[in-house]
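Just below is one structure, and these are the notes that go with it.
The values are calculated or read from the model by the stated rules, or taken from the named source; none is laboratory data. The model shown is predicted, which means the values in this text are computed figures rather than measured ones. Backbone-built Cβ (ideal geometry, glycine too); neighbour counts: all protein chains shown. Each accessible area value is taken on the protein alone, full model and side chains, heavy atoms only, with ligands, DNA and RNA left out. Shrake-Rupley method; radii C 1.70, N 1.55, O 1.52, S 1.80 Å.
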Amino acid sequence: ASAADELLTLGTELNANHYRAVHLAARYDTELDWFHHGYTSPAAGIAARLDMHSSTAREWIRIGHALRDLPLTDHAFHTNELSYAKVRIVTRWADPDNEDQLLALAYERTANRLTPGVML
């Protein structure tokens, strides 16, 4: 397989794993496992266990919680119709009332062109 084909396959797998990670991060927050293990926050627990920056962990938790109220975005992310990069942006601005409109923008634009000014 070509490098391009392998990158496409890997990108699809990464997106699927990001989908799982954000949902598990939100669940980790809700279940309070982090508290029972002595961490000061769920982000601190994830960051320590995965050796990552706490801001990344906070973002995973935020996205996971946001997707609970955004079924269209959640479905698009789950089915790989929407990338993690776009989901990060959409979940900052979407709510149940404007989700379909923001998803339409996300489908027609690249992640680089989804800025706060465009999303509002």
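Of all residues in the stretch 20-51, those that are of a type in the set (Gly, Ala, Ser), in a loop (DSSP other than H, G, I, E, B) and over 22 Å from Arg68 (Cβ atoms) total 1. Applying a threshold of 7 Å to beta carbon distances and a minimum spacing of six or more residues, or different chains, the list of pairs starting in the stretch 97-114 at a residue that is at negative phi and ending at one that is modelled with pLDDT of 95 or more and hydroxyl-bearing (Ser, Thr, Tyr) reads Glu99/Thr73; Leu103/Thr73; Ala111/Ser83. Quick check: anything in the stretch 90-97 at pLDDT 95 or above, in contact with a helix residue (DSSP H, G or I) (Cβ under 6 Å, 6 or more places away or on another chain) and open to solvent by 60 Å² or more (accessible area, probe 1.4 Å)? No: zero hits. Taken over the stretch 1-23, the residue count meeting the criterion of being among the hydrophobic types (A, V, I, L, M, F, W, C) and touching a Phe, Trp or Tyr at 6+ places or on another chain (Cβ under 8 Å) is 3. Residue count for the stretch 1-19 satisfying the condition of being in a loop (DSSP other than H, G, I, E, B) and open to solvent by 80 Å² or more (accessible area, probe 1.4 Å): 1. The set of residues in the stretch 73-96 that are under 11 Å from the mean Cα position of the chain (by Cα) and of a type in the set (A, V, I, L, M, F, W, C) comprises Phe77, Leu82, Ala85, Val87, Ile89, Val90. Any residue that is in contact with a Leu (Cβ under 8 Å, 6 or more places away or on another chain), among the β-branched types (Val, Ile, Thr), open to solvent by less than 40 Å² (accessible area, probe 1.4 Å) and in contact (Cβ under 8 Å) with a residue 24 or more places away in the chain - is there at least one of those in the stretch 55-71? No; the residues of the stretch 55-71 include none that is in contact with a Leu (Cβ under 8 Å, 6 or more places away or on another chain), among the β-branched types (Val, Ile, Thr), open to solvent by less than 40 Å² (accessible area, probe 1.4 Å) and in contact (Cβ under 8 Å) with a residue 24 or more places away in the chain. Within the stretch 32-49, the set of residues being exposed (fewer than 12 other Cβ atoms within 10 Å of the Cβ) and either among the charged types (D, E, K, R) or on the phi < 0 side of the Ramachandran plot (or both) comprises His36, His37, Thr40.
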